[in-house]
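None of the figures in this text is laboratory data; all of them are computed from the coordinates on show. As the structure is a computational prediction, the values presented were derived from the model and not from experiment. Heads up, the Cβs are rebuilt from the backbone with ideal geometry, glycines too, and the neighbour counts pull from every protein chain shown.
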Amino acid sequence: MTGPSNLQSKARHVRATWSRHCNTVLFMSSEEDRGFPTVGLGTGEGREQLYRKTIRAFHYALKNHGEDADWFLKADDDTFVVVDNLRWLLANHSAGEPIYYGKRFKPYAKQGYMSGGAGYVLSKEALRRFVEGFRTKVCTHTTSVEDLAMGQCLEKMGVLAGDSRDTLHRETFHPFVPEHHLTGRFSKTFWYWNYCYYPITEGPQCCSDLAVSFHYVDPELMYVLEYYAYHLRPYGYRHRYQPPRPPALGMAAPTEKPLLATAKVTRAAAGAEKPGGAGSTQASEARSDARARTETSPPSEPSSTTLGQESQGQPARD
Amino acid sequence: MPSESGSFLKGVILGGVFCLILALLGTFSPEIQFRSDDHHHLHHHLKPLSREELQKLTVAQMSKVTQQVRVYCLIMVTPKILVHWATANETWSKHCDRSAFYSSESAKALEAIDLQEKNEWTRLRKAITHAYDSAGGIRWFFVARPTTFAIIENLKYLVLVKDSSQPFYIGHVQKSGDLEYVEYESGIVLSYEAVRRLVEVFKDESKCPERGHAIWTLSEEKQLATCLRYAGVFAENGEDEKGKELFNKKSVNTLISDSMSQNPSDVVEACCSDMAITFTGMSQSQMQVMMYGVYRLRPYGHNFHDSLTFLPPKDSDND
């Protein structure tokens, strides 16, 4: 997910690095840009438009690329994703299961919801139910707090919130940069402690070897992580963690499961300093989208706060 | 007489031309010493064995080579850089077959061999002598400060089938006047034979004085190169098969940042070697991230079919 002002400063580096490993990548923006290319969602930018853009992006993806992929990943323009590890995570599951994965948070929803910045991935069935939910008005635009609203809609539509941890119960989706997870010590009053669905491990075991994502990744760090993950290696080193081969793959060579990533770039809301702060804008890649887009019924304006305070759903991440 | 003066003149002219030719020939020396653009052609480039050559080795040869390519790490510390000392201790130095921290003075927090020596060159000499005496069967030595991060497996790959009973002195080579030396900052590799000769030449106070020259002080890296040169050991620049540097005195972040300015369309490919051995100037957090990035983070399903296997060290949880 991205926005016009982030294309050259952020989205371009996503395009140059990890998004190349997706089967299809769409850069979602409020405006179409044929050169980049981005999909124009016809919204505004900024925090208030966050969920609106996400809703439209997913509708667009299902409509135009529903047959091109089994899984649909939403990420921001400051998210770094190791797509091969996402494939490993999903290898044991099928696109027909109503399930989605990400960094699981616990408050405000019975089964929890997935952090927006760390990225989340929906099965095709989950995506269908999401779109169906809006068609039948079971889901509406309740709040601009995108990740929470997604979680609540999906829960209503019977989509399961999956456990994305590796076989040693280490997290794979990460809402901060590697340095923060590996070396930071979160203060006991930091909101994170109360939000994580699973127990937090600090230090080197915070993170799986087969990490899927990191967030708040600036362009320089994108290339650094690309270098660490895909290039620099210790010759002959036999890694300590030997992940089991997913049984679903059987004995044959693993077949690639098509993966569609909707790379969403976040434009910081005016005045906010942190990139990809609570407000995530969506960047759509608009290849020549000449055909008229049938708008789904415009999401209703947020009424009163439905989930406690709107502002509390996405606390300032700092 | 005209004919006599004529032949005299001819003689002078011939002689003059002959001298001129000699003078011109004199400038065409086969070793062009001081042209900086030819810098890289002067010293040797040391590369690892290619994949094809490695595959030709038999299993027995392979296992022999694995045994022989063990590394003794000499990490030169001072209490001033305690934090980096601790980080090196917790991270990359665990991958050395043997690692020893040589300090200028003891520090309560961390274990080290206290050389009780403030002079850096003298300290380095003592450390090398100590390492040589306690090497046991180890045949390769790596000298670094703890502000450097080293990937020892890649060091082993570089020297894999090199004969340690030959003198090797490897790292990032720089030139000062006509002295070629390995930069200390990005780490120094020495074979057993190089160290043996060095320890011998340490005894010669005229060639290799213990306190350095009284009149002017050379840096330790240049002192080392000078002493080694007396012993017939010359610096070689470590690079990968594509000619990329293996020993770096900048951090990964700095090198990537430079590459973003210089090669914006191909940042990672144009930056650094896949088999890099050292990076320097990283903060302790960056070194922890590097530990994760090098030894753990990877994309599932990529097999490299390396000819050797190095196992992770015991009792460690960050690699």
Which aspartates and glutamates have a Cα lying under 20 Å from the Cα of A:Lys188, excluding residues fewer than 8 positions away in the same chain? A:Glu171, A:Glu179, A:Glu202, A:Asp318
Take every residue in peptide A:177-183, count the Cβ atoms of other chains within 10 Å of its Cβ, and give the average of those counts. 5
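Evaluate peptide A:192-204: per residue, the Cβ atoms of other protein chains within 10 Å of its Cβ; return the mean as an integer.
If you average over the peptide's residues, the count of other-chain Cβ atoms is 1.
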Using Cα-Cα distances under 8 Å and only pairs 6 or more residues apart, what relative contact order does region B:45-296 have, in percent? 22
By per-residue mean of other Cβ atoms within 10 Å, what is the highest-first order of A:29-40, A:171-182, B:54-65? A:171-182, A:29-40, B:54-65
Using only Cα atoms, tell me the angle between helix B:220-230 and the longest principal axis of chain B; keep it within 0 to 90° and round to the nearest 10. 60
Which of the lysines could a cross-linker span from A:Lys110 if the Cα-Cα distance has to be under 17 Å and same-chain partners fewer than 8 positions apart are dropped? A:Lys156
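If a/c stays under 1.5 just call it rounded; otherwise compare a/b with b/c (prolate if a/b is bigger, oblate if not). Do that for region B:45-296, with a ≥ b ≥ c from the square roots of the Cα gyration tensor eigenvalues.
rounded
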Unpartnered Cys in chain B, judged by a 4.7 Å Cβ-Cβ cut-off, are B:Cys19
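Can you say what percent of the DSSP beta bridges in chain B, counting only those with both residues inside, are antiparallel? Round to 5.
So the antiparallel bridges in chain B amount to around 40 percent.
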Just how large is the dipole of region B:45-296 about the Cα centre, in debye to the nearest 20, putting +1 at every Lys and Arg Cβ and -1 at every Asp and Glu Cβ? 460
Taking a cut-off of 14 Å between Cα atoms, list the aspartates and glutamates near B:Lys175, but don't count ones fewer than 8 places away on the same chain. B:Asp37, B:Asp38, B:Glu183, B:Glu221, B:Glu236
Taking each residue of B:281-294 in turn, how many C-beta atoms of other protein chains fall within 10 Å of its C-beta, and what is the average? 4
Specify the angular offset, from 0 to 90 degrees and rounded to the nearest 10, of the alpha carbon long axis of helix B:192-201 from the longest principal axis of the alpha carbons in chain B. 60
Filter A:Lys103/A:Lys137; B:Lys80/B:Lys250; B:Lys94/B:Lys126; B:Lys47/B:Lys250 down to the pairs with a C-alpha to C-alpha distance above 30 Å, please. none
Between B:Glu241 and B:His302, Cβ-based FRET efficiency (R0 25 Å, step 0.05) works out to 0.85
I'm a student and want to see the number: the projected area of the Cα convex hull of region A:1-94, averaged over all directions, in nm². 6.2
Distance in Å, no decimals, from the C-alpha centre of region B:269-305 to the one of region B:164-219 is 29
When you count, for each residue, the other Cβ atoms within 10 Å and take the mean per peptide, how do B:240-247, B:277-284, A:131-138 rank with the highest first? B:277-284, B:240-247, A:131-138
